[in-house]
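Colleague: Please read through the structure below; I'll follow up with questions.
The values are calculated or read from the model by the stated rules, or taken from the named source; none is laboratory data. From a predicted model like this one, the values you see are computed outputs, not experimental measurements. Heads up, the Cβs are rebuilt from the backbone with ideal geometry, glycines too, and the neighbour counts pull from every protein chain shown.
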Amino acid sequence: MTVILSFICGLVMHRRQRWFLIAIVLINTIGNHYFKYLFQRPRPTLPHLVTAGGYSFPSGHAVAITTFILALQIIIKQNTKKRLSLYLLDLIAILVILSRIVLQVHFPSDVLAGTILASANTLLFKDLVFDNQSTTSDS
């Protein structure tokens, strides 16, 4: 879903911002699948409140929402001084991440690891892509 949303959001962004968003979502999605198969941690044995299969660590939802929201926040900061939307995006990310624990399909360490992994990769990739240059004139 975040890959599709990234392509849709990318339609209204400058070229470098669009490719940053799409690339980091794809990189973190692929990386998350690699880590899931590397660790192969089973999901909690509590009754799940939703259907969830596959491995638990790290949380794919935490990786996806953290990557998408953080990348959007980076792009928004480049284009505007308004910060209200940043706080609303934070709230969305927190709710999605916490929902994975509440629904009993992840351990807290799963979502924490997913959030840290996605944040670190996204911020590193931001520095590589934008290299402290203004992209508001980039088309």
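Colleague: Looking at the stretch 63-81, is at least one residue touching a residue at least 40 places away in the same chain (Cβ under 8 Å) and over 25 Å from ASP131 (Cα atoms)?
Modeller: no
Colleague: For the stretch 86-131, name all the residues that are of a type in the set (A, V, I, L, M, F, W, C), closer than 19 Å to LEU21 by Cα and surrounded by fewer than 19 Cβ atoms within 10 Å (Cβ to Cβ).
Modeller: Let us first name the residues in the stretch 86-131 that are of a type in the set (A, V, I, L, M, F, W, C), namely 86, 88-89, 91-98, 101-103, 105, 107, 111-113, 116-118, 120, 123-125, 128-130.
From what is left, the residues that are closer than 19 Å to LEU21 by Cα are 86, 88-89, 92-93, 116-118, 120, 123-125, 128-130.
Hits for the stretch 86-131 are LEU86, LEU88, LEU89, ILE92, ILE116, ALA120, LEU123, LEU124, PHE125, LEU128, VAL129, PHE130.
Yes/no matrix, rows are residues, columns are (1) in a helix (DSSP H, G or I); (2) among the basic types (Lys, Arg):
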| residue | (1), (2) |
| --- | --- |
| ARG18 | yes, yes |
| ASN28 | yes, no |
| TYR34 | yes, no |
| ARG41 | no, yes |
| LEU49 | no, no |
| THR66 | yes, no |
| ILE75 | yes, no |
| LYS82 | no, yes |
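Colleague: Sticking with this structure for a sec: Quick one: which of ILE69, ILE65, ILE74, ILE116 is at pLDDT below 90 and within 27 Å of TYR34 (Cα to Cα)?
Modeller: On the way: ILE69 fails: at pLDDT below 90; ILE65 fails: at pLDDT below 90; ILE116 fails: at pLDDT below 90.
Going through ILE69, ILE65, ILE74, ILE116 in turn, just one is at pLDDT below 90 and within 27 Å of TYR34 (Cα to Cα): ILE74.
Colleague: Has the stretch 86-102 got any residue that is part of a helix (DSSP H, G or I) and within 23 Å of ASP131 (Cα to Cα)? So that I can check it myself, show each step before the final result.
Modeller: From the stretch 86-102, those part of a helix (DSSP H, G or I) are 86-102; that's our starting set.
Those left that are additionally within 23 Å of ASP131 (Cα to Cα): 86.
Yes.
Colleague: Now, a different point. Considering only the stretch 51-62, how many residues are under 15 Å from ALA113 (Cα atoms) and either free of Cβ contacts under 8 Å to residues at least 24 places away in the same chain or outside any loop (DSSP other than H, G, I, E, B) (or both)?
Modeller: Number satisfying all stated conditions: 4.
Colleague: So how many residues does the stretch 28-63 have that are loosely packed, with under 14 Cβ neighbours inside 10 Å and either polar (S, T, N, Q) or in contact with an Asp or Glu (Cβ under 9 Å, 6 or more places away or on another chain) (or both)?
Modeller: Within the stretch 28-63, residues that are loosely packed, with under 14 Cβ neighbours inside 10 Å and either polar (S, T, N, Q) or in contact with an Asp or Glu (Cβ under 9 Å, 6 or more places away or on another chain) (or both) number 3.
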